[in-house]
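Take a look at the structure below.
The values are calculated or read from the model by the stated rules, or taken from the named source; none is laboratory data. Computed from a prediction, not measured in an experiment: that's the story for all the values here. Counting neighbours? That spans all protein chains shown, and the Cβs are built from the backbone with ideal geometry, glycine included. These accessible areas exclude ligands, DNA and RNA; they are computed on the full protein's heavy atoms, side chains included. Shrake-Rupley method; radii C 1.70, N 1.55, O 1.52, S 1.80 Å.
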Amino acid sequence: MRIASSPAVRITAGVLVAVSLGAVGYRIVHRRKPDLPEALLERADKVSWLNSWIAAAPLYHQAELQFTQEHRPSKALYARVSQMPAHSESTTTLPSQIATLRHDLSLPEARDSETRLRVLTILGMLEVNYDSGMARDTWAQVETLAMRQHHFLLASRAIGEQGIAAFLLGDIATAKKDVVKAWTVAKVADPAAQVRYASVYGTGLVELHKYKEALGPLNEAIRVATKTRGVAYPSIAITAKIEALSGLGKNKEALALAATEMQKVSAYHLTEHLYELYQTRADVYEQMGNWPQTISDLTASASYANQLLYWRGLTQVDGSLASAYLHQDALQPALAAINEAIDANRKIPDELYFAPKNLAIKAEIMARMGNVKASNDLYGKSADLLDGLLSKVPTPMVERQLLSDLSTVYAGYFVSLTEQGRMADAFRAIERARGRVEAQTLTHHETIAPSEPDAEEIRLTKLNVQLLDTDDPKARTNTLAAIYAAEQQLPGGAASAIDTPPKPVPLAELQRAMQPSELLVEYVLADPNSYALAIARDTVHRYTLPPKSILEREAAQYRSELVEQKTDLPLAQRLFDGLLGGIPEFKEKQAVIVVPDSKLHLLPFSALVDSGQYILNSHLMTVAPSGTVLDMLRHRTTSMTREDLPYLGIAAWTSKPPSMTLIADIRRAISGPERQQLIALPESRNEVETIAADFPKPSTVLLGNHATETDFKRLPLSRFNVIHLALHGYANSEFPDRSALVFAPENPPVNDGLLQVREIRRLPLNASLVTLSACDTGIGPVGEEGVANIVNAFIEAGAQSVVSTLWEVEDQATAQLMIDFYRQLGTGAGKAEALRRAQLDMLHSGAPPYYWAGFELVGEPSGSLFKKPAREILFRSGR
């Protein structure tokens, strides 16, 4: 039974007590004669508290001998079990050591509270490398007993270790909360624990492919370990840093760091670290395409894991080994490796992280061997397990990252089912991943009543203002670190409470809702082949496309050229041929809805070229997060009810801001929008006022200093049919929840002026159309499951359709296109067709694609805003 008062309060108080008393570990140091066993034990505890268990082992051994001679069995047991971490990797197996410790708990000498606490602590340390479910329960006992005995720093560590176990069990929300809590305490008074939890947190970020972000905590761990005398060498941080460097493309640095680390751990014969290093170096070689060396290192790693009976390690490394063999078409070795991985996972049945991917790997092997039924069964189990894992994530961003990391589960299942001709099942398989975050949010969408910001949100607002208001590099670095820490304390939001995965729309139901002129093309990028599922009202076919590597490279190259205001008709034709030219239905249908994959999210499809003409001339091109989301938006259109306020237009940057205002400095932000000066957008005022003139009254327009974030949030946002935001915007690909629209500065600053993605998701919207007449609003980190950006946040908040931009746009041309867009809406045109007509006007005027191709409509493309054609808008923009 845990003590009733709040652990956070008790630990904080305990830390202060521990610091004031000069606690070392959880034993208070008194002066004793150095040869007494108590003195030896205290010295050993001081060394081991810094995680230097190897250095502490001889001291514990001497203490054990003397306590045994003095017939003090409790102290002797304490000293004996304290030697186990130093030898756990080079002597007996983990299962036998764990069995020994569990037996020790039943001994009479373990009734002593300090001894029992030490046995449980060592047991928890070993179990975390063996079975996370067992480790979580043991560390919960350590927390309770440590608090009861006023060992507050140890109690804090126990919370952190429960967080690590939660991560390995797939409960990422709990993992983040517990590890951050322990890490925060450690920064005050426990450098060894700071190294531990900075290392673990950084490793978690590496697992989620957030490599650049991971270098922060990993370097923190290495830095603290280096400057703190006696702290053990941070092998976890070093290993994770190797992975992060490789993930960033710095393979030469990664291999050099691996070589240095291997020399150090080999000298101590630390089998577990050699297992980790061989595995990590294999990942680097894989990135470099060196498959023979990859297989060699993975085989060595698996051998070390087998020696240790390290089931989690074997589950992971054998899965990677099987994939490497598959790449070389060595099916029998691949099957042997994956069977060993799955057998190892059965020894730790509560740990699910690697299970979905390993089952999918075996499913692919069985399919290649011709056993279709076994392959289908394995893919189905794999997808179900992944659904369970995703139900426990804390935020939409983490859900996207996990989907991207384990995307082979759904993609592999999709390919297998299409090859069997089971198109409806294949569509359902891929739709379990595509647009999952948006579909999940829309399924549980409800109007959220405005509420006052909590303490963490207020603190984050103040930090953002502080960052924007200083140009001192050191101050900015410190403030950014504080912002990062504050963001980790924010709650996960509504998504974290949703346990039920969204149900994909049945293919037949989606087809019934499609218009005869519509074609939905859903892409699945992979190597060696990519695929497109072309869905029309009466047909569905799968087409094979070029490899992912080629499509992504050409898409990125073409986008880069367009942003530089160039044209490249041959490259645009190659992309068309690869993505659409082989789909016969494309020539038969005029309205094409694209469900992109990976970097295709950033490609302007309307600027592809067929026979010398941009396909904008012949086709209506729009984007949807998934077929399921499209269907949900269409059904939501028919059921939407609102007390209509026709139009809300906002233009904050109608005049040049003073050079040293708060917001004027935002372009200097390290995590800010492209660093350029936030200049005036003089056409934005004319843009929002001209558009407002054609809407029925009452319309609401916020201009200049009145267009603040606070003023915006105070409006009855759920009542507006159209929301038009002519603002500066930026995309932060490393920290996507910081991507924002920039409002006018406030004095005093109630809000920071940055409407960030995490805030947009919580807006109570019910709009038919949100137009983001701002820079880079369609940009974000991309993956197989979707793109994390401002547009998707507005979809999640309740917008039916969102018009956005794929790159930084010029003010006057934007205003011209936007006014033309709304003029076309006023004639009764549908939303997507109105945007296409405005883009065609600009194309036919001779403007290169830079000026028109970056605008796209995401969401429901059909439907007009006016039941009857409105009067023509007169151009007042200086066209």
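Considering every residue within segment 537-547, establish whether at least one is basic (Lys, Arg), at pLDDT 95 or above, surrounded by 14 or more Cβ atoms within 10 Å (Cβ to Cβ) and under 22 Å from Ala411 (Cβ atoms).
There is at least one residue in segment 537-547 that is basic (Lys, Arg), at pLDDT 95 or above, surrounded by 14 or more Cβ atoms within 10 Å (Cβ to Cβ) and under 22 Å from Ala411 (Cβ atoms).
Go over the candidates Arg634, Arg559 one by one and state the one that is farther than 30 Å from Thr539 by Cβ, in contact (Cβ under 8 Å) with a residue 24 or more places away in the chain and not in a strand (DSSP E or B).
Residue meeting the stated conditions: Arg559.
Out of Ser96, Ser156, which single residue is assigned to a helix (DSSP H, G or I) and surrounded by fewer than 17 Cβ atoms within 10 Å (Cβ to Cβ)?
Ser96
Residues that are more than 23 Å from Ala341 (Cα to Cα) and under 29 Å from the mean Cα position of the chain (by Cα): which helices (runs of 4 or more DSSP H) entirely in segment 230-303 hold 1 or more of them?
It comes to 235-247, 251-267.
Pick out, from segment 649-741, the strands (runs of 3 or more DSSP E) lying fully within it that include 3 or more residues that are within 29 Å of the chain's Cα centre (by Cα) and at pLDDT 65 or above.
Answer list for segment 649-741: 720-726, 728-730.
Given the structure, is Leu335 assigned to a helix (DSSP H, G or I) and either surrounded by 24 or more Cβ atoms within 10 Å (Cβ to Cβ) or in contact (Cβ under 8 Å) with a residue 40 or more places away in the chain (or both)? Quick ask: steps written out before the conclusion?
Working: assigned to a helix (DSSP H, G or I): yes; either surrounded by 24 or more Cβ atoms within 10 Å (Cβ to Cβ) or in contact (Cβ under 8 Å) with a residue 40 or more places away in the chain (or both): no.
Here the answer is no, as Leu335 does not meet what is asked.
Going by the structure shown, is Lys241 over 16 Å from Leu50 (Cβ atoms), surrounded by 22 or more Cβ atoms within 10 Å (Cβ to Cβ) and among the basic types (Lys, Arg)? I'd like the intermediate steps shown before the answer.
Numbers: over 16 Å from Leu50 (Cβ atoms): yes; surrounded by 22 or more Cβ atoms within 10 Å (Cβ to Cβ): yes; among the basic types (Lys, Arg): yes.
So Lys241 fits the description; yes.
Take the conditions under 30 Å from Ala439 (Cα atoms) and of a type outside the set (Ser, Thr, Tyr) and apply them to Asn358. Does it pass?
So Asn358 passes the test.
If you check Lys566 against the conditions, is it more than 20 Å from His844 (Cα to Cα), among the charged types (D, E, K, R) and either touching a helix residue (DSSP H, G or I) at 6+ places or on another chain (Cβ under 9 Å) or modelled with pLDDT under 95 (or both)?
No.
Kindly check whether there is at least one residue in segment 174-183 that is buried (at least 23 other Cβ atoms within 10 Å of the Cβ) and closer than 21 Å to Thr315 by Cβ.
Yes: one or more hits.
Here are some conditions: (1) part of a strand (DSSP E or B); (2) under 24 Å from Leu633 (Cα atoms); (3) not hydroxyl-bearing (Ser, Thr, Tyr). Pro502 meets all but one. Which one does it not meet?
(1)
Looking at (1) at pLDDT 85 or above; (2) over 14 Å from Val284 (Cα atoms); (3) open to solvent by 70 Å² or more (accessible area, probe 1.4 Å), can you tell me which one Ala267 breaks?
With respect to (1) at pLDDT 85 or above; (2) over 14 Å from Val284 (Cα atoms); (3) open to solvent by 70 Å² or more (accessible area, probe 1.4 Å), Ala267 is out only on (1).
With respect to Tyr523, is the statement that it is hydroxyl-bearing (Ser, Thr, Tyr) and touching a strand residue (DSSP E or B) at 6+ places or on another chain (Cβ under 6 Å) true?
It is true that Tyr523 is hydroxyl-bearing (Ser, Thr, Tyr) and touching a strand residue (DSSP E or B) at 6+ places or on another chain (Cβ under 6 Å).
Restricting the search to segment 814-854, which residues are over 17 Å from Leu608 (Cβ atoms), of a type in the set (S, T, N, Q) and within 38 Å of the chain's Cα centre (by Cα)?
Thr814, Gln816, listed by residue number.
Residues of segment 562-586 being open to solvent by less than 30 Å² (accessible area, probe 1.4 Å) and assigned to a loop (DSSP other than H, G, I, E, B), which ones?
Residue satisfying the conditions is Ile583 alone.
Tell me, yes or no, whether segment 587-596 has at least one residue that is buried (at least 16 other Cβ atoms within 10 Å of the Cβ), part of a helix (DSSP H, G or I) and touching a residue at least 24 places away in the same chain (Cβ under 8 Å).
no
Would it be correct to say that Lys187 is of a type in the set (D, E, K, R) and without any contact (Cβ under 8 Å) to a residue 12 or more places away in the chain?
Yes: the conditions hold for Lys187.
With Gly370, Gly388, Gly313 as the choices, which residue is surrounded by fewer than 16 Cβ atoms within 10 Å (Cβ to Cβ) and at pLDDT below 90?
Criteria check complete, one pass: Gly388.
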